[in-house]
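Input: a single structure, listed below in structure tokens.
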Amino acid sequence: MPVNAAAKTKKRLPLGMRNSLIGISFILPNFIGFFIFILIPVCFSFVLSVMKWDGFNEMTFIGLDNFRAIFGQSAFRNSLARTLTFTAVTVAITTFAALGLAVLLNKKILFKGIFRSSIFFPYIASMVSIAVVWRLMFMRNFGPINEFLRFMGVSDPPGWIATTQWALPAVMIVYIWKFMGYYMIVYLAALQDIPVELREAASIDGASGFQFFWRVAAPMLKHATFFVVMMLMINSFKSFDLIFAMTEGGPGQSTTLLSLYIYNRAFIAFDYGQTSAAALILFAIIAAATILQLRVERKMSL
Amino acid sequence: MIEKKNRALKSAVYISLIALAVITLLPLIWMLSASLKLDKDVFTIPIRWIPANPRWDNYVRIWDKVPFLQFTSNSFKLSLTVTAVQVLTSSFAAYGFAKCRFRGRDVLFFAYVSTIAIPWQVYMLPQYTMMRMMGLLDSHTGYVFMQSFIAFGVFLIRQFYRSIPDELLEAARIDGLSEYGIYFRIMLPLSKPVIATLSIFSFVNIWNDFMGPMLYFDSMGKRTIPLGIRMFLGQYSTEYGLMMAASVLSLIPVLIVFLMFQRLFVQGIATSGMKN
């Protein structure tokens, strides 16, 4: 590699070692922080999942008892089921909404930037502001949403976040509303990568807009779709802030997703072992879903 | 005939786009409107979008009601500090990962990347316990440490550095620049766009962060704006007008950053989306 560097360092360290030291010196400032504040806690949580510990007294090894214990709790099993529902619904609807919006915004229209910004804006607005506004909007008797529903002729609109039945759909609506703009941008970028010539060629051959989309654009959007679904899935599985700020997992347990269950185990029960066990299960689900996705993508692109 | 069909299609597109934009913005408009009302007028039926006599007073009272000035300055301080530490150390490390060769590099990078996929919930409790042992709970220092070294920053900048041809660096080496010289004189100036992207994302992220401050900041003097907004949400009485006013204020810096750097936002999302 660098010839003159070798010449200069002849009397000092061997070249390989010197290069290593330089490389490491670049990484070190970040790595020290990363190692202490992220890597150690991550590894520690793997250890804790097979331990019994309350944070103060001595740790004891208990094997898989933590996993057995949490699977024995209906609160855990229900939160798992709720998380799967939440993820399936939000991923499906957000993906479609994002794609639809991107297709609309990819047309030659006026004020494109304004439309795009308005739909994207919820993404950067703070969770807490959004959560408090939607809490008020969803109020059963006086909230603007139910007022609108009554105006539309729904005589008995749902109680939304005041009821166990409607709280989960309510948080899903807010989640989709907040995140569709982000994924719309991903799709827009992918759509803009489709060469204009292709569209022209298709229209000369007499393809309608719909045919063009279905036959030409859709296959080209495959990669973007995989990315969108994967990111959405990962983020939906671990979503916490929005739900915590809107409902704190209630009423009852109706919006306690796995992430909120973990939080409760950690900061209310202070059960380190069970917290880590549940967290690892969440991680395993995300990892499995991601790997499955990557497999499918590889297979489909062959 | 085609002309006519096209026009119909076009108006359909506009109508649906306008409808969608209105729906997305409505909660925010409602927030703005409620922030100018008395608590008793927030839920009048039908909705008055433009308050009869706007209560600008709400925007004055929030500063007395809770230490909102303190929260704001804390939010600015933390967002700026974390962004600076993250951008500096990440871009430095990214150069090491992208352009230096040494043993164990790929293993280390793998450790970084794999933590991106690990949800915070997995290590939040061990991390919290460690912070407690180090006496860093309820301190801004602890929070900055916790947030600054996430792997995403290193990953994003490394992707960018890899796209810079090695020949360029080789030429600089022949001209006698050291690796540090190359980093500061060549890479850093070239990487302005990606650094801007990371800075924006980091700033917005920390500005909006709720979970971290909720766990870590106990005393009033340490709290940030999101916690401040939640304080208006009382157990028995909620001060709607004030809460909405605080929410509107909390959106302003983010809105400014967004409007100023919109293109970088879009680029950042598009590139981080495509290169995975």
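The values are calculated or read from the model by the stated rules, or taken from the named source; none is laboratory data. Everything numeric here is computed off the predicted structure, so don't read it as measured data. With ideal geometry, Cβ positions are generated from the backbone for all residues, glycine too; neighbour counts draw on all protein chains shown. With ligands, DNA and RNA removed, areas are computed over all heavy atoms of the protein, side chains included. Shrake-Rupley method; radii C 1.70, N 1.55, O 1.52, S 1.80 Å.
Here's how it looks for A:M51: its modeled amide H is under 5 Å from those of A:I62, which are all 5 or more places away or on a different chain.
Taking the protein heavy atoms of the protein assembly as shown in the context of the full set of protein chains, the accessible area attributed to carbon and sulfur is 67 percent at 1.4 Å.
Beyond 28 Å, what share of the Cα-Cα pairs of chain A is found? Please give it as a whole percent.
On the way: 26331 of 45451 pairs.
The answer is 58 percent, as a whole percent.
Take each residue of peptide B:104-110, count the partner chain Cβ atoms within 10 Å of its Cβ, and average: the result is 2. Chain B packed on chain A takes about 8500 Å² of accessible surface away from a 1.4 Å probe, both sides summed.
Entry note: chain B has Rg to Rh equal to 1.07, where both radii use alpha-carbon atoms and Rh is the Kirkwood radius. Averaged over the residues of peptide A:39-52, the number of Cβ atoms from other protein chains lying within 10 Å of each residue's Cβ is 4. Summed over the residues of the stretch B:20-62 and divided among them, the accessible surface reaches 56 Å² per residue at a probe radius of 1.4 Å.
Assuming R0 = 22 Å, can you tell me the calculated FRET efficiency for the pair A:E248 and A:A269, based on Cβ-Cβ distance, to the nearest 0.05? It would help to have the intermediate numbers written out before the result.
Details: r = 15 Å, r/R0 = 0.70.
Computed FRET efficiency for A:E248 and A:A269 comes out at 0.90.
With helices as the sole contributors, chain A gives -22000 deg cm²/dmol at 222 nm; each DSSP H run of n ≥ 4 counts as -39500 (n - 2.57), and the sum is divided by every residue.
Each 5 Å bin from zero up to the one holding the largest Cα-Cα distance in the stretch A:1-134 carries the following percent of pairs: 2, 7, 7, 8, 9, 9, 10, 11, 10, 9, 9, 7, 4, 1.
Placing +1 on the Cβ of every Lys and Arg and -1 on the Cβ of every Asp and Glu, with nothing else charged, gives the protein assembly as shown a dipole about its Cα centre of roughly 1120 debye.
Charged side chains reduced to their Cβ positions (Lys and Arg at +1, Asp and Glu at -1) give the stretch B:1-51 a dipole of some 280 debye around its Cα centre.
Using a simple charge model, +1 on the beta-carbon of Lys and Arg, -1 on the beta-carbon of Asp and Glu, nothing else, what dipole does chain B show about its Cα centre, in debye to the nearest 20?
Working: 26 positive and 15 negative charges, 115 e Å.
Around 560 debye, computed over chain B.
Whole-Hz Karplus values for the stretch A:98-103 come out as 5, 5, x, 4, 5, 5 Hz, taken residue by residue from phi with 6.51 cos²θ - 1.76 cosθ + 1.60 and θ = phi - 60°; glycine and proline positions read x. Ranking A:A279, B:C100, A:A224 by how far each Cα lies toward the positive end of the dipole of the protein assembly as shown (charges on Cβ) leaves B:C100 at the top.
Averaging over every viewing direction, what projected area does the convex hull of the Cα atoms of the protein assembly as shown cover, in nm²? Walk me through the numbers on the way to the answer.
Working: hull surface 128.7 nm².
Taking the Cα atoms of the protein assembly as shown, their convex hull projects to 32.2 nm² on average.
Taking Cα atoms only, the orientation of helix B:120-133 departs from the longest principal axis of chain B by about 80 degrees. Checking the cross-link pairs A:K108/A:K299; A:K238/B:K37; B:K10/B:K37; A:K107/A:K178; A:K178/B:K5; A:K108/B:K192 against a 29 Å limit on the alpha carbon distance flags A:K108/A:K299; A:K238/B:K37; B:K10/B:K37; A:K178/B:K5; A:K108/B:K192 as lying beyond it. For Cα pairs less than 8 Å apart in space and 6+ apart in sequence, what is the mean separation divided by the residue count of the stretch B:1-69, i.e. the relative contact order in percent? Once divided by the residue count of the stretch B:1-69, the mean separation gives 25 percent.
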